[in-house]
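Each remark here refers to the structure printed beneath this line.
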Amino acid sequence: MIKGRPVSLVFGGIALSAALWSLPASADVPLQGLRHKLGDTDDHWRLDDQDPLVLSVFQGQSEIPYARYKLTGCRFCSGEDDNCEKDGIAEINFISQPYEPILAVTCHVGAHSQRLQILTPSQNQNSAAYRATGDYYIMYEQAPDHLMISYDMKKGDGTYTQTIDIWP
């Protein structure tokens, strides 16, 4: 994708065009048990090493979370193999919603699959606003007001197809 240039994608004969000013998606593998500040708010999030992993969001200095997400099956890896460099938790900021806390959680599930969950603590306190799993990879790019998410899916004949979603 070329930064600031229109992009055309073709899916099953349907062309999708969008002018994107994309930002590279980057995430860090989180340190468990530590609070991480959430944007320009007083909110913080923390990843707890439980079974399953739990991501909790707190307001101010409160010890009681106002949002909790079970990250069932998630494991974070690092390095260049198996698309591990995309694993982690990143804060997403849209121009149209500058104070809306949004977290993108990318992790591995199963042997090779990779999952993306979009968490919107002020709107959905217990479940992801978006969730997709690629058979081998999932990636996203941030535009000013949406994410473009791409992932692979194995078809019945053993070939793979690329799926592209726009969120929200």
Next on the checklist: Tell me the relative contact order for the range 26-168 as a rounded percent, counting alpha carbon contacts under 8 Å between residues six or more apart.
Outcome noted: 15 percent
Checklist entry - Roughly how many Å² is the accessible area per residue of the range 25-126, as a whole number, for a 1.4 Å probe? => result 51 Å²
Checklist entry - To the nearest 10 square angstrom, what accessible area does HIS44 show with a 1.4 Å probe? => result 30 Å²
Checklist entry - Where q = 0.21 Å⁻¹, what log10 of I(q)/I(0) comes from the Debye formula for the range 25-168, counting one point per Cα? => result -1.38
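The values are calculated or read from the model by the stated rules, or taken from the named source; none is laboratory data. On a predicted model such as this, the values are computed, not experimentally measured, just so you know. Heads up: the accessible areas ignore ligands, DNA and RNA and are worked out on the full protein's heavy atoms, side chains in. Shrake-Rupley method; radii C 1.70, N 1.55, O 1.52, S 1.80 Å.
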